[in-house]
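Q: A single structure is presented below for examination.
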Amino acid sequence: MAKSRKMKFKTEVNKLLDILTHSLYSNREIFLRELISNASDALDKMRFESTRGTEVHDPDLALEIAIDVDEKEKRITISDTGIGMNEEEIISNLGTIAKSGTEAFLNMMAENGKKDEKNKDDASTIIGKFGVGFYSVFMAADKVVVTSKSFKKDAPAVKWTSDGMGSFSLDVLEDAEIKRGTSIEIHLREDANDFASKDKIKEVVTKHSNFVNFPINVGGEKANTVTALWREPKFKIKQKEYDEFYKFISHDFQEPMDTIHVSVDAPVQFNALVFIPKQVFDMFGTVKDDRGLDLYVNGVLIQTKNKDLIPEYLAFCKGLVESPDIPLNVSRETLQENLVVKKISQALVKQILNHLAKKAKKKREEYEAFWKEHGKIFKFGYQDFENKDKFADLLLFNSSANENADQLTSLAEYVERMKKDQKEIYYLTGASRAAIESDPHLEIFKRKGLETFYLYEPVDEFALSGLTKYKDFELKAVEQADLSKLDSFKEEEKEGEEKAKSLSKADEKVFEKLLQRITDILGDRVTDVKESHRLHDSASCLVNPDGTMTSHMHKMMQMMNKDATPPQKIMEINKDHKLTRNLLKIYKADPRDTFIDNTAEQLFESALLLEGYLTDPHKLVNRINDVLEQSSAWHPATK
Ligand code: ADP
Ligand code: MG
């Protein structure tokens, strides 16, 4: 017999093992779920191989999982008849961690471990969610022996032994009479001896692994149900069964927020079971890569997390699809172009959107909870042109008609409240409700009582401008609106408000000259300086020349291009503002007065500052300090 080799675990495995062996064990039993889930994966792969006629070892072995308990020796053995592993595979699968996000996960766990006991407990639910897989066995074992024989012809069986302390040993069992599959012998730690009981194991199997698609025999008795829940008629299934099934496939410890069970006969036949989780588990920003639905054909799992079945904006959905219309021997590469998969996806997306529409209509509060959790991802659906209308109806944003930043308004609600003859829907992007409400561009919309959507997230503006229209109404950024279209809407005057007197003909001329003077001061930093028709409370603002993108979009482009030059804009001056009126007097006294230069610079830089373009505030600050110093001389106490 070949001699045993000793090999070291990779660093990340040691880190994980260290955390696992030292964490609290309120959730220790999940190690069984993890090992059973691996066995089930291996059996799924086996079924897949045999349906495509691959030549395999022991083709007649029944596909099943067996768990045997030696109560006296405190030992459990979990065996499966799946695809098994050869020497190379066992070294890489049970010596490293390939999972994405592992690094981040380990660092976070290490951080949590340093904190108090309570956090440690939280860590164990995180372990559950992350699915630490095989290595979780060391939460319960002080020695593990894995014996495996690959389905591939001429691969000898291998034996892997470890105490989880930095290394494992490997033996190749050249001549041994071992059947295909994997068997894991677990020597229980003393503090985990309670698992050395058939009843205990059965209990854990029904709790976490009831829906495994292969029989699990505990001490020779079948312990799980083995039903393809998605094929059952809906009226026969209780919500509790859906919940358990969801927890089983997602490793989530909470019930799902929504369950969508679909059976379609035409144009393609398929059953689907889709769940919306209560919470996105996106600690490492992997939701979009990690998305997809499992694809079954006649009970055979063809692919896990198939991304063609569900678009990116529904990435939060978990579940599976089964269809007899896909050929069993389809290769994963051609699945992408498979027409049936495309049709299933189209039908499924419609079903999910219909479900959400019903929820939005009938259970607004619950829909808002969905929105707050998943809206961020969902908003990317503006790219789904086929479902544009359905998608638009599901959008919610904060609006000027809401009382606070938490409330939400749909496009339909906006339209219902619209003014007679209003043809456009307005929106404005900003960092917060307070920031938007003090934005000079909004003044005229507020004065005219025109509702405006307040957008806070980068994707929001893409979503609305991407739609371009809702029903017959154009979606318009406040900055880009054609103000002449607002003429027919009356301004609401505030009580006790003083209206500026109109300028004399002569003063109108001076105003023109003042604008020219400011144009000369700012030079090519602006494209033009003009009288404003949108301002009321502010003296000036910057606006986009026609047809250019909003400042928010522009800034995002700049971020991508790592560029920070402010765009050339039009500076608008409020003719009725007190400051402007004073500037007129100063100009009349001396057109060259430097006060005009300082004011123009200050107004310009303040506008840049508000829009987030001012990179060096030194000049602005110095100017303000000078003004403060001068104005302090007017304070009565200094007279
Ligand atoms: P994951 O299941 O997320 O890939 P695990 O740590 O649970 O991670 O398992 C690591 C790998 O070891 C699996 O991907 C699989 O290739 C292999 N493996 C584990 N258990 C078995 C088994 N019973 N039969 C065959 N391969 C297995
Ligand atoms: Mg696993």
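The values are calculated or read from the model by the stated rules, or taken from the named source; none is laboratory data. What you see is a predicted model; the values in this text were computed from it and never measured. Because the Cβ atoms are built from the backbone with ideal geometry, glycine has one as well, and the counts that use them run over all protein chains shown. Side chains included, ligands, DNA and RNA excluded: accessible areas come from the protein's heavy atoms. Shrake-Rupley method; radii C 1.70, N 1.55, O 1.52, S 1.80 Å.
Q: Residues of segment 472-498 being surrounded by 14 or more Cβ atoms within 10 Å (Cβ to Cβ) and part of a loop (DSSP other than H, G, I, E, B), which ones?
A: Within segment 472-498, 481, 489 qualify.
Q: Oh, and also: For residues in segment 216-249 being in a loop (DSSP other than H, G, I, E, B) and buried (at least 17 other Cβ atoms within 10 Å of the Cβ), which is modelled with the lowest pLDDT?
A: 224
Q: Condition check: farther than 25 Å from residue 357 by Cβ and loosely packed, with under 14 Cβ neighbours inside 10 Å. Does residue 431 satisfy that?
A: yes
Q: Looking at 397, 445, 385, 391 in this structure, which one is open to solvent by less than 10 Å² (accessible area, probe 1.4 Å), out of contact with any strand residue (DSSP E or B) (no Cβ under 7 Å at 6 or more places or on another chain) and of a type in the set (A, V, I, L, M, F, W, C)?
A: 391
Q: Another question, then. Going residue by residue through segment 74-84, is there one that turns out to be within 12 Å of ligand 1 (Cβ to nearest atom), surrounded by 15 or more Cβ atoms within 10 Å (Cβ to Cβ) and at pLDDT below 95?
A: For segment 74-84, residues within 12 Å of ligand 1 (Cβ to nearest atom), surrounded by 15 or more Cβ atoms within 10 Å (Cβ to Cβ) and at pLDDT below 95: absent.
Q: Does segment 171-178 include one or more residues that are at pLDDT 95 or above, under 20 Å from residue 88 (Cβ atoms), open to solvent by less than 30 Å² (accessible area, probe 1.4 Å) and within 16 Å of ligand 1 (Cβ to nearest atom)?
A: no
Q: Select from segment 509-539 the residues that are surrounded by 13 or more Cβ atoms within 10 Å (Cβ to Cβ) and free of Cβ contacts under 8 Å to residues at least 40 places away in the same chain and list them in ascending order.
A: 519
Q: Within the set of pairs 6 or more residues apart or between chains, which connect a residue that is under 15 Å from residue 170 (Cα atoms) inside segment 92-104 to a residue that is within 10 Å of ligand 1 (Cβ to nearest atom) and not in a helix (DSSP H, G or I) with Cβ atoms less than 7 Å apart?
A: 93/85; 94/146
Q: Give the residues of segment 425-453 that are within 12 Å of residue 486 (Cβ to Cβ) and in a loop (DSSP other than H, G, I, E, B), sorted by residue number.
A: Residues satisfying the conditions are 448, 449, 450.
Q: Looking at segment 114-129, is at least one residue modelled with pLDDT of 85 or more and within 16 Å of ligand 2 (Cβ to nearest atom)?
A: no
Q: What pairs can you find where one residue is in segment 135-146 and touching a residue at least 60 places away in the same chain (Cβ under 8 Å) and within 14 Å of ligand 2 (Cβ to nearest atom), the other is in a strand (DSSP E or B) and not hydroxyl-bearing (Ser, Thr, Tyr), and their Cβ atoms are less than 7 Å apart, with a gap of 6+ or different chains?
A: Cβ pairs passing all conditions: 137/144; 137/186.
Q: Hey, any hits in segment 451-460 for a residue that's out of contact with any Pro (no Cβ under 8 Å at 6 or more places or on another chain), of a type in the set (Asp, Glu) and open to solvent by 70 Å² or more (accessible area, probe 1.4 Å)?
A: no
Q: For the condition touching an Asp or Glu at 6+ places or on another chain (Cβ under 7 Å), at pLDDT 95 or above and not polar (S, T, N, Q), what is the one hit in 293, 320?
A: 320
For every residue, the table says whether it meets (1) at pLDDT below 95; (2) of a type in the set (S, T, N, Q); (3) open to solvent by less than 70 Å² (accessible area, probe 1.4 Å); (4) in contact with a Cys (Cβ under 7 Å, 6 or more places away or on another chain).
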| site | (1), (2), (3), (4) |
| --- | --- |
| 570 | yes, no, yes, no |
| 574 | no, yes, yes, no |
| 580 | no, yes, yes, no |
| 583 | no, no, yes, no |
| 586 | no, no, yes, no |
| 589 | no, no, no, no |
| 606 | yes, yes, yes, no |
| 610 | yes, no, no, no |
| 615 | yes, yes, no, no |
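Q: What are the residues in segment 70-85 that are within 38 Å of the chain's Cα centre (by Cα) and part of a loop (DSSP other than H, G, I, E, B), if any?
A: Once the filter is applied, which keeps residues that are within 38 Å of the chain's Cα centre (by Cα) and part of a loop (DSSP other than H, G, I, E, B), segment 70-85 yields 81, 82, 83, 84, 85.
Q: Next question, about the same structure. Hey, among the residues in segment 282-319 that are among the aromatic types (Phe, Trp, Tyr) and crowded, with 18+ Cβ neighbours inside 10 Å, which one's nearest to residue 353 (Cα to Cα)?
A: Out of the qualifying residues, it is 313.
Q: So which of 67, 19 ends up being closer than 19 Å to residue 139 by Cα, open to solvent by less than 50 Å² (accessible area, probe 1.4 Å) and part of a helix (DSSP H, G or I)?
A: 19
Q: Here is a further query. Can you name every one of the helices (runs of 4 or more DSSP H) wholly within segment 326-379 that holds 2 or more residues which are under 20 Å from the mean Cα position of the chain (by Cα)?
A: The helices (runs of 4 or more DSSP H) meeting that bar are 339-362, 364-378.
Q: One residue is enough: does segment 42-52 have a residue meeting the conditions away from ligand 2 (no atom under 16 Å from the Cβ) and open to solvent by less than 40 Å² (accessible area, probe 1.4 Å)?
A: Yes, the conditions are met somewhere in segment 42-52.
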